[in-house]
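Take a look at the structure set out below.
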Amino acid sequence: MIDWHSVDTVLLDMDGTLLDLQFDNWFWQQHVPDCYARQRGLEQTEANRIIHDWITSHQGTLNWYCLDFWTAELGLEIAGLKRAAGDRISVRPGAEAFLQKLQGSGKQVIMVTNAHRDALHLKLERTGIDQYFDELVSSHDYGHPKEAQAFWQHLQRHLPFDRARALLVDDSLPVLHSARQYGIGQPVSILHPDSSLPKRLDTDPFPAIDDFLAVLP
């Protein structure tokens, strides 16, 4: 699945790739609507509909990932809510062993995440996975999400690398399509980003990792 002999740079997503996406799905689909319903005195079904429609309307944009934006829009202190629920954050099976192996491989290892810096700091505090990376990049640093070509252009200028000899592992198919368009040599998906949901049936046209331990360099 991965041709390690053709990889000099490893680009790794965080949520749904290294960390279990169950936390974020629970947070945005259940916890935030619950808090919003209590704050506004709404029926739960109405709050669920409002939050779902609101978030969906910003999907794929930097706002979708921005805690400051949602704090202002919803009148909820989103970063504080995330921190209070931080014990739910967990690393996906095999991910830390994979990172440990990469650390000794001589390859450049870069985290590329759409997570807001506040969320990134919280998750690094909880998991300690930052120790395995040469660089940690949030799309908020560049003002463009990974779905946009501008993100990859900024990344290339900031941390020059040979795109043809780069591996990207990411659970987002739109992000993988964007990376492939930019010329990233090996875009690879994740079969089971959320442990509370069934594995994906289709990640075409990208190969997908189920077990990190099966693809160690």
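Here are GLN153, GLN108: which of them is under 29 Å from PHE69 (Cα atoms) and of a type outside the set (Asp, Glu)?
When all the criteria are applied, what remains is GLN153.
Taking segment 178-217 on its own, how many of its residues are assigned to a loop (DSSP other than H, G, I, E, B), of a type in the set (Ser, Thr, Tyr) and modelled with pLDDT of 95 or more?
Number of matching residues: 2.
Write out, first by first residue and then by second, each pair whose Cβ atoms fall under 7 Å of each other, whose residues are 6+ apart or on separate chains, and whose first residue, in segment 83-104, is farther than 12 Å from ALA214 by Cα while the second is among the polar types (S, T, N, Q).
Once the first residue is farther than 12 Å from ALA214 by Cα and sits in segment 83-104, its partners that are among the polar types (S, T, N, Q) give ILE89/THR127; VAL91/THR127.
Just to be sure before I move on: is ASP118 among the acidic types (Asp, Glu), assigned to a loop (DSSP other than H, G, I, E, B) and open to solvent by 20 Å² or more (accessible area, probe 1.4 Å) in the structure I sent? It would help to see each step written out before you state the result.
On the way: among the acidic types (Asp, Glu): yes; assigned to a loop (DSSP other than H, G, I, E, B): no; open to solvent by 20 Å² or more (accessible area, probe 1.4 Å): yes.
In short, no.
Step by step: first the residues of segment 79-107, then only those that are of a type outside the set (Lys, Arg) and in a loop (DSSP other than H, G, I, E, B), then the one that is surrounded by the most Cβ atoms within 10 Å (Cβ to Cβ). Which residue is that?
Among those residues, the one meeting the criterion is ILE89.
When segment 165-177 is examined, which residues are found to be in contact (Cβ under 8 Å) with a residue 40 or more places away in the chain, in a helix (DSSP H, G or I) and either farther than 14 Å from LYS107 by Cα or open to solvent by less than 20 Å² (accessible area, probe 1.4 Å) (or both)?
Residues of segment 165-177 that are in contact (Cβ under 8 Å) with a residue 40 or more places away in the chain, as a first pass: 165-172, 174-175.
Remaining after also requiring in a helix (DSSP H, G or I): 165, 174-175.
Correct list: PRO174, VAL175.
Tell me which residues, restricted to segment 91-138, are out of contact with any Phe, Trp or Tyr (no Cβ under 7 Å at 6 or more places or on another chain) and among the polar types (S, T, N, Q).
SER105, THR113, THR127, GLN131, SER138 - these are the residues of segment 91-138 that are out of contact with any Phe, Trp or Tyr (no Cβ under 7 Å at 6 or more places or on another chain) and among the polar types (S, T, N, Q).
Going through LEU99, LEU67 one at a time, which residue ends up being within 18 Å of the chain's Cα centre (by Cα) and at pLDDT below 95? Talk me through it step by step, then tell me what you get.
On the way: LEU99 fails: at pLDDT below 95.
Result: LEU67 is the single residue among LEU99, LEU67 that is within 18 Å of the chain's Cα centre (by Cα) and at pLDDT below 95.
With respect to TRP70, determine if the residue is free of Cβ contacts under 8 Å to residues at least 40 places away in the same chain and among the aromatic types (Phe, Trp, Tyr).
yes
Across segment 81-131, what is the total count of residues that are within 23 Å of VAL7 (Cα to Cα) and of a type in the set (A, V, I, L, M)?
Count: 9.
The values are calculated or read from the model by the stated rules, or taken from the named source; none is laboratory data. Worth saying up front: this structure is predicted, and the values here are computed from it rather than measured. Heads up, the Cβs are rebuilt from the backbone with ideal geometry, glycines too, and the neighbour counts pull from every protein chain shown. The protein model used for the area step is the full one, side chains on, heavy atoms only, and it has no ligands, DNA or RNA in it. Shrake-Rupley method; radii C 1.70, N 1.55, O 1.52, S 1.80 Å.
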